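Participant: Following this message is one structure expressed as structure tokens.
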Amino acid sequence: MVARRRTACGETRVILGPVPREGTLYGADIPGQDARVIVILWQGSLRAYFDRCPHYDFQTGMAWKRDAYLDGTGTRLACHAHGAQFDISTGECVQGPCLGQSLLPAPVEAIDGQVVLTGPLPKTG
Ligand code: FES
């Protein structure tokens, strides 16, 4: 669930959803943008990546169904279009057609148990 909330100082925050449990993730649409972010808690660190595969110049979403972003082992992010696999901690492609390229990180923080977008998303295409 994505929500916008205004803070006491008038700043608008985009809340993507709750901090996921360790090793779990979800995808969240960014309101007003053609953008989706993958949010995952991995080895105690909150990570978020733009849901666009570097193969084909960041034009393709990676899940084959809702929130299906992990490979079969559950230890790497995967693009199900052509099988690229990404290190969850770094976003780097470690197997597949975009080897050495990386997912674009999204700026997020955990605030009061919620995942909050803290800056603009990177530009793609
Ligand atoms: S579009 Fe992701 S591996 Fe080809």
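Participant: Between Q114 and residues 5 or more places away or on another chain, which pairs have amide H atoms under 5 Å apart, with H built 1.01 Å from N, and which residues are they?
Facilitator: HN-HN under 5 Å from Q114: V19.
Participant: By DSSP, what percent of the beta bridges with both residues in the chain are antiparallel, rounded to the nearest 5?
Facilitator: 95 percent
Participant: Could you state the per residue volume, in Å³, of the convex hull enclosing the Cα atoms of the chain?
Facilitator: Residue-normalised Cα hull volume stands at 100 Å³.
Here, each number is a calculation from the coordinates, and none is a lab measurement. All figures in this text were calculated on a predicted structure; none of them were measured in a lab.
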